[in-house]
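Inspection log for the structure reproduced underneath, given as structure tokens.
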Amino acid sequence: MNNIITDLKQIISGEVSNKESELEAVSQDFGNIVKKQPQVVIRPQNSRDIAEAIKYAAKQGLTISSRAAGHSLSGQSLNQDGILLDMRNLNQIDEFHPNQLWFQADPGVTWKQVVDTALTHGVIPPVLTNNFEVTLGGTLSAAGLGLSSFRYGSQADNCLGLEVVTGTGDIVWCTPEENSELFYHVLCGYGQFGIITKVKNRLRKYRPYTRSYFLCYDDLDKLLYDARWLVSKGEIDGLVSLFSPCLQGISRKANQMKPLIQWFYRMQITLEVDSVNEINDAELLADLNFYRHVYTEDLTFEKFIQPLGQVPHPVNTANTWIDVLLPGHRAKEFIDIALQRLPGFLDFRTVPVGSFCLNSRHHKMPMFPLPDDDLIIGLGMYPTIPKSQVQPVLEQLNLLTDLSFQMGGKRYMATWADFDLPRWRSHFGNYWSKINDLKRKYDPCGILNPGFFKYEELVETGANRNPTPSPSGASEEGDKNKKNFMNYLKLLYI
């Protein structure tokens with residue numbers, strides 16, 4: 001260990017540490033379910049530091065992972081016994097061009113920094129999540145979904161360019177036109193193919209005021225019908241629904257006590273306008289099938305986009321959150337089953353449950369697979385539970401994951417996910433073999449962000465699918481290196 005620290009301090013301009021307190025501080029993420037502790041923490045000052053660290057890790061047979069806010073739920077930003085890159089010192093906005101509608105910044109910049117800068121210029125990123133303290137590099141590695149994703153796609157879909165350090169230590173600038181393969185797979189790629197070291201992202205102009213309608217439904221079919229109609233019409237700017245259970249009594253049929261629950265659904269529709277006086281409420285709401293218009297709220301745009309508040313994280317609890325992405329035509333069936341099962345393993349009265357919409361034509365990231373439908377319905381369940389209850393709850397969430405796959409659904413991998421190989425194959429479908437090939441191409445030593453993705457055991461099978469003739473006189477050393485790499489991947493991912 002002392003040799004590793006000495007070596008790294010000679011090649012890294014940033015901080016290098018193996019203090020127990022600093023290792024412990026980066027050993028868990030927001031999920032508080034998975035714990036992994038690295039041997040070394042590096043706080044890089046620039047992309048060169050990251051490139052040198054990756055080259056060193058490959059030479060020494062160490063794994064290497066990147067982390068900033070640590071808001072993952074399944075240990076995606078953690079590392080066991082290797083090197084962890086703490087990206088929070090890379091936190092500068094380099095360029096901001098409100099007239100050209102783009103900015104460029106470090107990956108450790110938070111979305112709050114971007115929003116605070118953007119609002120003073122009358123612009124905003126097209127998509128924002130409900131947590132501004134997460135970083136550009138973090139959400140772009142996951143996708144990044146928000147109230148306006150049905151209109152603008154994910155945060156990753158609004159990225160214009162990336163500087164990336166690959167698993168070979170190469171520093172590469174990539175865009176949809178230049179090094180596009182790397183661009184489209186680092187986005188939503190959870191650090192599997194490269195580590196983001198610079199971000200160029202889109203901005204948009206916004207209107208000064210918002211009006212939000214809070215509409216109550218007691219019929220899920222009507223809610224989903226209205227959601228499809230609103231998304232297809234394209235005249236609103238924000239859409240989300242929250243589900244609320246109402247306990248109606250207890251059934252004692254067959255000597256079993258079972259709660260009788262009536263679910264209600266609150267849809268929030270938001271318009272962005274120059275003046276709230278220009279809105280015709282009656283015309284907008286006339287074709288919707290809600291049973292009660294609960295409330296109308298007018299806010300400035302600046303006030304509307306602010307997160308509602310930080311999520312509390314009591315001691316000895318875990319965030320077993322899950323987002324399921326469903327084809328619109330099967331969403332009702334799945335949601336009914338999920339809501340029926342929920343009281344069997346969670347306190348349904350305290351678990352936030354809701355839905356959101358995505359429009360598949362606005363999403364173009366292959367590492368963010370979607371169900372085969374124009375309208376995607378996302379169902380989110382966000383329980384914070386005592387750590388003692390984690391295992392049985394995760395077992396039930398895994399069953400719901402499998403059910404969603406059977407119905408043509410996908411998972412949003414930023415939330416809890418415990419995938420074996422069959423689940424990875426179901427999630428990516430026919431694209432899974434391509435992902436295995438790209439892993440070998442951009443991370444040939446298999447060192448980047450290990451432990452989350454689980455690749456194919458017989459990696460030689462994937463390599464032989466499209467064989468490339470070896471040049472005449474290829475050295476035995478090359479064959480030996482290839483064999484060592486294959487064995488290393490087996491150890492690392494299976």
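The values are calculated or read from the model by the stated rules, or taken from the named source; none is laboratory data. It should be emphasised that the depicted structure is a prediction, and the values quoted were computed from it without experimental measurement. We place every Cβ from the backbone using ideal geometry, glycine too, and count neighbours over all the protein chains shown. Heads up: the accessible areas ignore ligands, DNA and RNA and are worked out on the full protein's heavy atoms, side chains in. Shrake-Rupley method; radii C 1.70, N 1.55, O 1.52, S 1.80 Å.
Miscellaneous remarks
- Taken over the range 117-276, the percentage of Cα pairs per 10 Å bin, counting from 0 up to the bin with the maximum distance, is 9, 28, 25, 20, 12, 5, 1.
- If you take the Cα centroid of the range 45-74 and the Cα centroid of the range 393-431, the two points sit 27 Å apart.
- Fully extended contour minus Cα-Cα distance, from residue 281 to residue 7, at 0.36 nm per residue: 92.0 nm
- Residues of type lysines that residue 35 reaches as a straight line, Cα spacing below 27 Å, ignoring anything fewer than 8 places off in the same chain: 9, 19, 55, 59, 387, 410, 439, 454, 490
- Counting only lysines at least 8 places from residue 198 when in the same chain, those with an alpha carbon closer than 18 Å to its own are 112.
- Relative contact order [Cα under 8 Å, 6+ residues apart], the chain, whole percent: 15
- Folded to 0 to 90 degrees: helix 220-233 orientation relative to the chain principal axis, Cα: 70
- Of the accessible area of the chain, computed with a 1.4 Å probe over protein heavy atoms only, carbon and sulfur atoms account for 48 percent.
- Accessible surface for the chain, divided over its residues, is 45 Å² per residue with a 1.4 Å probe.
- Helix 47-60 axis, angle to the chain major axis (alpha carbon atoms, nearest 10°): 60
- For the range 66-117, average projected area of the Cα convex hull in nm²: 4.4
- In degrees, nearest ten, helix 390-406 long axis to first principal axis of the chain (Cα): 80
- Rounded to the nearest Hz, the phi-derived 3J(HN,Hα) couplings of the range 243-260 under the Karplus curve 6.51 cos²θ - 1.76 cosθ + 1.60 (θ = phi - 60°) are 9, 10, x, 10, 6, 9, x, 10, 8, 10, 5, 6, 6, 10, 8, 9, x, 9, where x marks glycine and proline.
- Calculated log₁₀ intensity ratio I(q)/I(0) where the Debye formula runs over C-alpha points of the chain, q = 0.06 Å⁻¹: -0.29
- Extension gain from residue 333 to residue 81, taking 0.36 nm per residue of separation minus the Cα-Cα distance: 86.3 nm
- Normalised by the number of residues in the range 351-407, the average gap of Cα pairs under 8 Å and 6 or more apart makes the relative contact order 38 percent.
- Reach of residue 434 by Cα under 12 Å, taken over aspartates and glutamates that are not fewer than 8 positions away in the same chain: 181, 456
- Residue 92 paired with residue 389, simple spin-label distance in nm, labels 7 Å along Cα-to-beta-carbon: 4.7
- With Rh defined as the Kirkwood radius, the inverse of the mean 1/r over Cα pairs, the Rg/Rh of the range 139-180 is 1.08.
- Cα extents of the range 244-296 along the three principal axes, largest first (Å): 60, 18, 12
- Each principal axis of the Cα atoms in the range 249-370 has its own extent, and those three values, largest first, are 59, 39, 37 angstrom.
- The helix-based estimate of mean residue ellipticity at 222 nm for the chain, built from -39,500 (n - 2.57) per DSSP H run of four or more residues and divided by its residue count, is -8500 deg cm²/dmol to the nearest 500.
- Across q = 0.12, 0.15, 0.20 Å⁻¹, the range 284-354 modelled as identical point scatterers on its alpha-carbon atoms has Debye log10 I(q)/I(0) values of -0.63, -0.95, -1.19, in the order of the q list.
- Over the range 1-105: Kirkwood hydrodynamic radius from C-alpha pairwise inverse distances, Å: 14.5
- Using C-alpha pairs under 8 Å with a sequence gap of at least 6, the mean separation divided by the residue count of the range 171-307 gives a relative contact order of 34 percent.
- Label-point separation, residue 315 to residue 133 (7 Å along Cα→Cβ), nm: 1.8
- Long-range amide H partners of residue 378 with built H, under 5 Å: 326, 356, 357, 358
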